[in-house]
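The values are calculated or read from the model by the stated rules, or taken from the named source; none is laboratory data. The structure displayed is predicted, hence computed values, not measured ones. Cβ placement follows ideal geometry from the backbone for every residue including glycine, while neighbour counts extend to all protein chains displayed. To get the accessible areas, we keep the full protein, side chains included, count just its heavy atoms, and leave off ligands, DNA and RNA. Shrake-Rupley method; radii C 1.70, N 1.55, O 1.52, S 1.80 Å.
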Amino acid sequence: MPLPSARLHPVGSWFRHAGRLALTLVVMWSSACSEGRITADPLQTLNASWQPGQTGSAASPCTQALRGSHTTYDVGPGRTYTDLQDVPWLSLEAGDVVNVHYRPEPYRSRIVLRAQGKPGAPVIINGVSNPQCLRPTVTGEEAPLVHDASKARVLNPATAGLGTVFIAPAYGAPVEQRPRYITIQGLKISGASSAQHYISDTNERLAFTKGAAGIHASIVDHLLVENCEVTGNDNGIFVNTREDQESMTSRQVTLRGNLIHLNGVSGSFFEHNVYVQAAGAIYEGNFIGQLVPGATGSSLKDRSSGTVIRYNHIVAAARAIDLVETDGGGNTVAKEPDYHLAWVYGNLIVSDMYNPGRSSTLLIHWGGDLNESQYRHGTLYFYNNTVVLVGNKDQAGVFYVFDMPSDEQKVDVRQNIFWRAGNAPLALGYKHGRIELQGPNWISDGWLPAQRGSSVTLKILVPPIEGEQPGLDARLRPLESGASAQRGAIGVLAGMPLGPTGAGSPPGFEYTPLGQLRQRQVKGTSMDLGAFGVR
C-alpha cells in the first residue's frame, strides 16, 4: 500500500556487526584477479540494440591466439615480430588481428591506433596468455613510441605523454575516418603514470603528463575492452568526446570482464580507474577496485548518455559510481535521447573503511558536478544491487548512498540490498534529489532518509524490509533461508523504460569471481533481492 512521501524512519540501534567479511572477500578476489586469471562471458544471448563485435573470447581463464579474417600479426619470442615496435599499427585494417604473445618481461611500447574495423570484422589487439594464464604486459614506463607512429610524428609534445595505448584519428580527419570497431583484450596495460617516464621521439626521458591513461581514446566509435588488467596509470581507461561535432564524438564504448584497479594520483581527485564520455557506454562483468592510497578520484566516472552499469563488483574509492554531465565540448552526447537516463543493476558495490585506499561515504553520484546547464535531469534506475557498507561512525561519519546536485534528479530504487556492517549510520539520500522506493528493498534497520535539513524527497511506494542481517553467506550471496531471498518479483520491474542491450529488464546474469558472468537463477516469478540469486 502506498505510504506518504518523505516517511521518516526513526533511528534505531545501529548494526554492530564487525564487518570484516566484505574486506576479506575483496582482498581474496583482488589477489586471484591479479594473477591474470579473469575472463568474461561473451553474452551472446543478450538482446542487443547495439552489440560489440564478437572477439572470439571463450569463458576460459586463458586466452589463445586468434586468426584474423584479413591479416594476422604475431608478436613475441620466436614470432614474426619479436616486439611491438615493428608492427604496422597505423596501417591496420578491418579484420586484422595482432596477437601479443606472453613473455616474462613487459613490452615497453607506446601504441597508436587509427584503425577502422567493421561490424563483424573488428580490429583486434589480442593478448595471448601463458599456460599459467598470465597476461602479456604492455607498459608505457621507459617506453618509446612505436616506429611507424614516431616516424609519422602523429603525437606532438602536448599529447605524447598522455598514455600507453592511444586511439585517435589524424588531426582534422572527417567523421568517416574516425577510429572504429576496435577490440583490446587479454592484456595487462600499465605505466602511464605521472610518476613514471617515457622515451620521446628525440630520445629524451620525459615524465608522463598528469592524467595520462593506460588506454587513452580521444575519439572512437565502437570500442570494446575485454578481459584486460589495467593498473598503475593515472587514469585507467579514458575515453573522450572533444568538440561539438560528430567527427569528434566517441560512441558505443563497452568495458567487459576487466580488472581495473590501483590507478589514480595520490592527493588528486581528477583521475579515476575509469573515465568515459561517449554516446552510449556499457560496463559489465568487471572488477573495478580502489585507487592507489591517497588518491581521491572515483572507481568509475562517466559523462555519457544511456549509461548501463551491470553485473560488476565495484570496490568504492572516493565514489563508487560517478554519473555526471558532459564536459569540455560534449554537446553531441547531451543531445542523445537517453542522455538523462542511466541503468545500474546486478552489481556488488562495497565501501569498506578498512581498505588501504580512500573509501566512499557518498557512493552513487547522479546528475552533475560542473555545468548546471548540462546536468542529467532524468532518472537513474537502480535495481537488484547488493550494497555493503563497512565501517564505524568514527571512520565514516554517515554513509550516504545517493548524492544528487539538485532536486531535478531522481533515483528509482527496486529490489536492492543496503547492508551496513558497523555502527556508522546509513542514509539513502544526501542533500538534494528525489528517491522513490518503487519496489521491495532490504535495508539495515535504523536507516535515515537523508542528511538532516536536506531537501531530499523520499517517496515510499513499497515499504522496505528492515533487519540486522539480510541473510548473506561468506561470499555475500543470499542464503535460501535469508531475509532477502524470494522477496522480490520479476513483475516489480514493469514500466521501467528499456535501455541498450536489455537494460531495464530483469537481470539475467550475475557476476562471479574472475570476471565471468553466469545465468542468474530465478524461481518462477519471484526473485531474490540484490545482485545474486540463491543457488
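Measuring only protein heavy atoms, the 1.4 Å probe finds VAL308 accessible over about 0 Å². Solvent-accessible area assigned to carbon and sulfur over the chain amounts to 51 percent, based on a 1.4 Å probe. For the set THR241, THR202, THR71, solvent exposure ranked by accessible area (probe 1.4 Å, protein chains only) runs largest to smallest as THR202, THR71, THR241. Have a look at ASN126, PRO106, PRO136 and report the one farthest towards the positive end of the charge dipole of the stretch 101-151, computed about the Cα centre with Cβ charges (Lys/Arg +1, Asp/Glu -1). Of the listed residues, the answer is ASN126. Within straight-line reach of LYS188, meaning a Cα separation under 24 Å, sit the following lysines at least 8 residues removed in sequence or on another chain: LYS210, LYS301. Calculated [222 nm] ellipticity per residue, helices only, for the chain: -1500 deg cm²/dmol; basis is -39500 (n - 2.57) per DSSP H run with n ≥ 4, divided by all residues, nearest 500.
Each distinct pair of alpha carbons in the stretch 112-268 adds a 1/r term; the inverse of their mean, the Kirkwood radius, is 15.8 Å.
Exactly which GluC sites (Glu not before Pro) in the stretch 99-181 are in a DSSP loop and have at most 16 other Cβ atoms within 10 Å? Answer in residue order: GLU142. The residues of the stretch 333-428 have, on average, 27 Å² of accessible surface per residue, using a 1.4 Å probe with all protein chains present.
For the stretch 312-381, trypsin sites (Lys or Arg not before Pro) are listed when DSSP marks them as loop and at most 13 other Cβ atoms sit within 10 Å of their Cβ; the list is LYS335. Net charge dipole, the chain: roughly 800 debye, given to the nearest 20, about the Cα centre with Cβ charges of +1 for Lys and Arg and -1 for Asp and Glu. Taken along the Cα-to-beta-carbon direction at a fixed 7 Å, the label points for LEU498 and GLN177 span 3.9 nm. Projecting the Cα atoms of LEU206, THR82, LEU493 onto the charge dipole of the chain, computed from C-beta unit charges around the Cα centre, puts LEU493 farthest toward the positive end.
Would you kindly work out the equivalent ellipsoid of the chain from its C-alpha gyration tensor and give its semi-axes, the square roots of five times the eigenvalues, largest first in whole Å? Kindly include the intermediate steps, with their values, before the conclusion.
Values: eigenvalues 303, 106, 95 Å².
Semi-axis lengths for the chain are 39, 23, 22 Å.
Of all lysines in the structure, not one lies under 18 Å Cα to Cα from LYS335 without also being fewer than 8 positions from it along the same chain.
Of the whole protein surface, VAL522 contributes about 60 Å² of accessible area at a 1.4 Å probe radius.
Determine the dipole magnitude for the stretch 452-535: charges of +1 sit on the beta-carbon of Lys and Arg, -1 on that of Asp and Glu, nothing else is charged, the reference point is the Cα centre, and the result goes in debye to the nearest 20. Intermediate values should be presented prior to the final figure.
Values: 9 positive and 6 negative charges, 30 e Å.
Using Cβ point charges on Lys, Arg, Asp and Glu, the stretch 452-535 gives about 140 debye.
How far apart, in nm, are two points set 7 Å out from the Cα along the Cα-to-Cβ line at ASP201 and at ARG535? In this crude spin-label approximation the distance works out to 5.2 nm.
Near ALA494: Cβ cut-off under 15 Å, other residues only, Lys/Arg at +1 and Asp/Glu at -1. The net charge is -1.
With contacts taken as Cα pairs under 8 Å at a separation of at least 6 residues, the stretch 465-535 carries a relative contact order of 34 percent. Ligands, DNA and RNA excluded, the heavy atoms of THR63 present near 30 Å² of accessible surface to a 1.4 Å solvent probe. For GLY76, neighbours were defined as the other residues whose beta-carbon sits under 10 Å from its Cβ, and their charges (Lys and Arg +1, Asp and Glu -1) total 0.
Please give the net charge around TRP366, taking every other residue with its beta carbon less than 15 angstrom from that of TRP366, where Lys and Arg add +1 and Asp and Glu add -1. Spell out each step's value before the answer.
On the way: positive: LYS301, ARG303, ARG319, ARG376, LYS410, LYS431, ARG434; negative: ASP302, ASP322, GLU325, ASP338, ASP369, GLU372, ASP403, ASP407, GLU408, ASP412, GLU436.
Net charge in that neighbourhood comes out at -4.
Around the Cα centre of the stretch 188-268, unit charges on the Cβ atoms of Lys, Arg, Asp and Glu (plus for the first two, minus for the last two) sum to a dipole of about 260 debye.
Shown here is the pair-distance distribution of the stretch 401-482: with all Cα-Cα distances grouped in 10 Å bins from zero up to the longest one, the shares run 18, 47, 28, 7, 0 percent.
Protein heavy-atom accessible surface, 1.4 Å probe, per residue over the stretch 130-247: 37 Å². Cross-link reach is defined here as a Cα-Cα straight distance under 24 Å, omitting same-chain residues fewer than 8 places apart; for LYS393 the lysines meeting it are LYS431.
Can you give the extra length, in nm with one decimal, that the chain gains between LEU461 and ARG475 once fully stretched, where that is 0.36 nm per residue apart less the Cα-Cα distance? Before the final figure, lay out each step's value.
Values: separation 14, 0.36 × 14 = 5.04 nm, distance 3.08 nm.
Gain in length upon complete extension: 2.0 nm.
Compared with the dominant principal axis of the Cα atoms in the chain, helix 20-34 is inclined by about 20°.
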